[in-house]
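Enquirer: Quick one: this structure, given as structure tokens, is what I'll be asking you about.
The values are calculated or read from the model by the stated rules, or taken from the named source; none is laboratory data. What you see is a predicted model; the values in this text were computed from it and never measured. Cβ sites come from the backbone with ideal geometry, for glycine too, and all protein chains shown count toward neighbours. Heavy atoms of the whole protein, side chains included, go into the accessibility calculation; ligands, DNA and RNA do not. Shrake-Rupley method; radii C 1.70, N 1.55, O 1.52, S 1.80 Å.
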Amino acid sequence: MLLVLSLLFFTIAMAGPTHDVRIPRNRALVMLVIDVSQSMRATDVEPNRMAAAQDAAKQFADELTPGINLGLIAYAGTASVLAAPTTNRALVKDAIDKLQFADRTATGEGISTALQAIATAGVVIGGGDQPPPARIVLFSDGKETVPSNPDSPKGAYTAARSAKDQGVPISTISFGTPYGYVEINDARQPVPVDDETMSKVAELSGGSHYNASSLSELRDIYATLQQQIGYETIPADASAAWLKLGTFTLALAAMTGFLINRRIPEGGCVRWVFDRVQAGSVPHRREWPDDGVSSAAAYRLARPLIGRGCQPDSGAGHAGDRGLRGVRRPETAAWEVHPHRCSAEGARTR
């Protein structure tokens with residue numbers, strides 16, 4: 001059985017099995033696009049939405065796989081590239097610290113600017129027949145105000161469809177609560193979080209949507225994105241494990257076979273003990289060096305000695321039809337068996 005198992009394991013190894021392995025990405029682009037409109041002043045998330053966003057974004061930059069090129073875009077009524085895609089995390093974090101509030105919200109322009117930055121960086125990075133994999137992480141708290149229709153040529157939905165066509169998924173994060181507000185000219189202006197627009201943008205681009213109402217939730221989202229973006233799963237060779245298993249099983253089979261079929265070595269000495277030998281039956285006990293071997297196995301070990309002329313020194317008769325011929329049938333007898341000599345110790349009571 002062990003031999004069959006080892007052959008099975010070797011066959012599996014030769015078939016070239018594979019298993020999935022997660023490895024860090026080294027040739028990839030991520031554009032972090034952050035909304036800096038006036039609604040980010042809301043204090044429904046302490047200390048305010050902007051400060052919480054900056055804190056979580058810097059943590060994301062620190063934990064992102066080092067080989068990934070990370071860039072930063074800030075947008076309100078217009079969009080600006082604050083950091084071109086780079087592996088220099090200090091440069092990106094410095095740009096995050098310098099985010100400034102501005103009027104209006106042009107989400108579509110923010111997405112389009114990110115796509116342009118990705119295309120430019122892809123040419124610079126090169127290193128393959130295909131453009132490097134890219135993703136946009138879009139962070140916003142409110143609806144698009146410029147233009148008012150997200151399906152217009154410069155709208156958010158149109159830009160999301162363009163991202164889909166270019167193979168760049170958008171992971172959107174809507175941040176804030178339904179109860180946020182800002183003070184404008186001494187008047188309280190409600191700025192509830194807008195999940196609907198962000199969810200639709202993610203859907204149209206082939207990405208994922210997340211929402212967070214606290215800094216801790218935002219950090220958890222960024223940690224999830226880091227795992228998704230920072231690593232890729234590739235098939236790896238799994239034959240080595242099967243080869244080791246097959247080798248171990250084969251060795252175990254060989255050892256088991258040796259222990260079962262071993263023979264008495266030249267010059268060795270073995271004590272056989274036969275208990276209550278009855279006429280016409282086979283002995284049912286054997287010691288060599290313990291009692292753990294069946295009488296059938298005992299005969300298999302003894303027969304090669306008998307075949308070489310090894311016979312007891314005295315007596316006639318037999319012990320069993322296929323037993324050690326020449327052994328008398330006392331109630332209990334002990335014999336020492338040597339490769340070329342068998343001498344009776346005589347009967348004894350056990």
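Enquirer: I'd like to check something: does the stretch 113-123 contain any residue that is open to solvent by 50 Å² or more (accessible area, probe 1.4 Å) and either at pLDDT 95 or above or part of a strand (DSSP E or B) (or both)?
Expert: Yes: one or more hits.
Enquirer: Within the stretch 156-163, is even one residue of a type in the set (S, T, N, Q) and in contact with an Asp or Glu (Cβ under 9 Å, 6 or more places away or on another chain)? I'd like the intermediate steps shown before the answer.
Expert: Going residue by residue through the stretch 156-163, those that are of a type in the set (S, T, N, Q) are 158, 162.
Among the residues that remain, those that are also in contact with an Asp or Glu (Cβ under 9 Å, 6 or more places away or on another chain) are: 158.
Yes, some residue in the stretch 156-163 is of a type in the set (S, T, N, Q) and in contact with an Asp or Glu (Cβ under 9 Å, 6 or more places away or on another chain).
Enquirer: Inspect all residues belonging to the stretch 36-45 and state whether any of them is surrounded by 14 or more Cβ atoms within 10 Å (Cβ to Cβ), hydrophobic (A, V, I, L, M, F, W, C) and assigned to a helix (DSSP H, G or I).
Expert: Looking through the stretch 36-45, at least one residue is surrounded by 14 or more Cβ atoms within 10 Å (Cβ to Cβ), hydrophobic (A, V, I, L, M, F, W, C) and assigned to a helix (DSSP H, G or I).
Enquirer: Further, regarding this structure: All but one of (1) surrounded by fewer than 21 Cβ atoms within 10 Å (Cβ to Cβ); (2) part of a helix (DSSP H, G or I); (3) touching a residue at least 12 places away in the same chain (Cβ under 8 Å) hold for P147; which doesn't?
Expert: (2)
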